[in-house]
Amino acid sequence: MNVSFYGHVRQYENIKSEIDANMHEVLMSGSYVMGPMLKRFETELAAYHGTKHAIGVGNGTDAIWLVLMALGIGPGDEVITHPNTFFATAEAIWIAGATAVFVDCCPKTKCICPDKIEAAITPKTKAIVPVHLYGQCADMVAIKKIADKHGLKLIEDNAQAIGASGSGFKIGQLSDAATTSFIIQKNLGTFGDSGGIVTNNPEIDAKVRKLRNHGSNQRNVHSYGFNSRLDDLHAGILSAKLKHIDAWNDNRRKWAARYSAGLKDCKTFDLPVELPGYRHVYHLYVIETKKPEWRDQLVDFLVKNGVDAKTHYSIAIHQQPGYPWGKSARSVGPLTNAEANAACCVSLPMFPELRQDEVDHVIAKVKEWDAMFAAQAPAGKGPAQRESACTCCK
Ligand SMILES: Cc1ncc(COP(=O)(O)O)c(C=O)c1O
């Protein structure tokens, strides 16, 4: 049996009539850019998040730097984030002209560790960008306290966690803005590129709307701006899919629970940690090998046995070639947890349309590999999930 990592075509087949209807509506409208379908999707996206505004943009990277620019953050400023995320989080910070400052993540959540943030704050610090990595929220309550204490802006990189929530908080409610990516592989993804921003701040909304459209909100009148629009065909696809996102996330959670139950007695890796009261939406289901050299061995074994396993992200940003790219980035304190996460991460197939026999095949193959190495496994947690007493891991 072959189990693929993504299920894009299955998803399309399941809701083909709804997607096709929206695409037909757009094609027949004669309005393809900044048209009525974009407006409809933006209204639906804001309602979904319970925010006052939602803005469609070209992709999830643009979404971050457009918000930074709207907040007046740029050259000479510093923005704190963590390095075990997709490269774009940091890339967006230096596209805005600011410096990305990396602090370590928590060993359990893999999100930014609130306890590490204050040591990185300088007079140049203007914002914090927590990433809701793999589909689980960062500890926004603790992070917001720090942001408020130091007068910093807060931008959630929510590319991986649409539909997730924390214990007592919703994404987009404790920050200045939350950004997302709608690239196909995300929990809510279109057949191509696009991104979005949700915010309760009317100034961010107005500024981003102008910036994304050549600095214009009135025909023939322009100020500083760019072209980063979400076109109506993609908005139509996303509008059709948004109606299913909660059910799809429920499915992801069901498959994650089945993986965790099936693999709980394995000795060679640690399972993902779901914080109590949080709704993790498992954009990725990531196990962490107890020895770094096992990461690629496990992936190779699975791929050879028909299971399309991958790594996210096997090189942390501060370990990429050329770091720190002039003054684009710097780090504060050891980044031990982020490095261990990169060294040990293995992502198992995860998409809502997986079938039970496929999930069980993945479990069987992972257990087969575990049985070969279990005798060599160190006792206790591996390096990526070592015990920690940080605020959100307690
Ligand atoms: C955490 C994170 N931030 C930002 C992005 C950038 O989004 P995009 O590829 O749509 O520019 C992605 C995904 O691609 C991501 O996973």
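Would you mind stating whether LYS144 is modelled with pLDDT of 95 or more, open to solvent by 10 Å² or more (accessible area, probe 1.4 Å), within 16 Å of the ligand (Cβ to nearest atom) and of a type in the set (Lys, Arg)?
Taking the combined requirement at face value, the residue does not satisfy it.
Name the strands (runs of 3 or more DSSP E) wholly inside the stretch 26-114 in which the number of residues that are within 16 Å of the ligand (Cβ to nearest atom), over 30 Å from GLU288 (Cβ atoms) and open to solvent by less than 30 Å² (accessible area, probe 1.4 Å) is 3 or more.
Because the criterion is at least 3 residues that are within 16 Å of the ligand (Cβ to nearest atom), over 30 Å from GLU288 (Cβ atoms) and open to solvent by less than 30 Å² (accessible area, probe 1.4 Å), the strands (runs of 3 or more DSSP E) in the stretch 26-114 that meet it are 53-57.
From the list ASN217, ASN200, which one is in contact with a Lys or Arg (Cβ under 8 Å, 6 or more places away or on another chain) and farther than 30 Å from ARG253 by Cα?
Answer to the selection: ASN217.
When only residues in the stretch 172-187 that are within 13 Å of the ligand (Cβ to nearest atom) and more than 15 Å from GLU42 (Cα to Cα) count, which is least open to solvent (accessible area, probe 1.4 Å)?
The qualifying residue least open to solvent (accessible area, probe 1.4 Å) is ASN187.
Looking at ALA384, ALA364, ALA371, ALA375, which is the one that is under 19 Å from THR109 (Cβ atoms) and in a helix (DSSP H, G or I)?
Criteria check complete, one pass: ALA384.
If I ask for residues that are closer than 20 Å to GLY72 by Cα and crowded, with 24+ Cβ neighbours inside 10 Å, which ones from the stretch 115-139 would you list?
ILE128, VAL129, PRO130
Restricting to the stretch 191-207, give me the number of residues that are buried (at least 24 other Cβ atoms within 10 Å of the Cβ) and more than 10 Å from the ligand (Cβ to nearest atom).
3
Might you check whether a residue that is in the same structural domain as ARG209 (by TED's automatic domain parsing), closer than 18 Å to SER388 by Cβ and within 15 Å of the ligand (Cβ to nearest atom) occurs anywhere in the stretch 118-130?
Yes, there is a match, as at least one residue in the stretch 118-130 is in the same structural domain as ARG209 (by TED's automatic domain parsing), closer than 18 Å to SER388 by Cβ and within 15 Å of the ligand (Cβ to nearest atom).
If I filter the stretch 359-374 down to residues being in contact (Cβ under 8 Å) with a residue 40 or more places away in the chain and out of contact with any helix residue (DSSP H, G or I) (no Cβ under 9 Å at 6 or more places or on another chain), which single residue comes out as farthest from ASN2 (Cα to Cα)?
Result: ALA374.
Kindly provide the set of residues from the stretch 106-126 that are hydrophobic (A, V, I, L, M, F, W, C), in contact with a Ser or Thr (Cβ under 9 Å, 6 or more places away or on another chain) and closer than 20 Å to TRP94 by Cβ, ordered by number.
Selection gives ILE112, ALA120.
Anything in the stretch 160-171 that is of a type in the set (Lys, Arg) and within 9 Å of the ligand (Cβ to nearest atom)? List them, or say none.
Matches in the stretch 160-171: none.
Residues in the stretch 85-98: is at least one under 16 Å from ALA159 (Cα atoms), of a type outside the set (A, V, I, L, M), free of Cβ contacts under 8 Å to residues at least 60 places away in the same chain and in contact with a strand residue (DSSP E or B) (Cβ under 9 Å, 6 or more places away or on another chain)?
The answer is yes, given that some residue of the stretch 85-98 is under 16 Å from ALA159 (Cα atoms), of a type outside the set (A, V, I, L, M), free of Cβ contacts under 8 Å to residues at least 60 places away in the same chain and in contact with a strand residue (DSSP E or B) (Cβ under 9 Å, 6 or more places away or on another chain).
The values are calculated or read from the model by the stated rules, or taken from the named source; none is laboratory data. Please read these numbers as outputs of a predicted model, since none were measured by experiment. Glycine also receives a Cβ, built like all others from the backbone with ideal geometry; neighbour counts cover every protein chain displayed. Ligands, DNA and RNA are stripped out before the accessible areas are found, and what is left, the full protein with its side chains, is counted by its heavy atoms. Shrake-Rupley method; radii C 1.70, N 1.55, O 1.52, S 1.80 Å.
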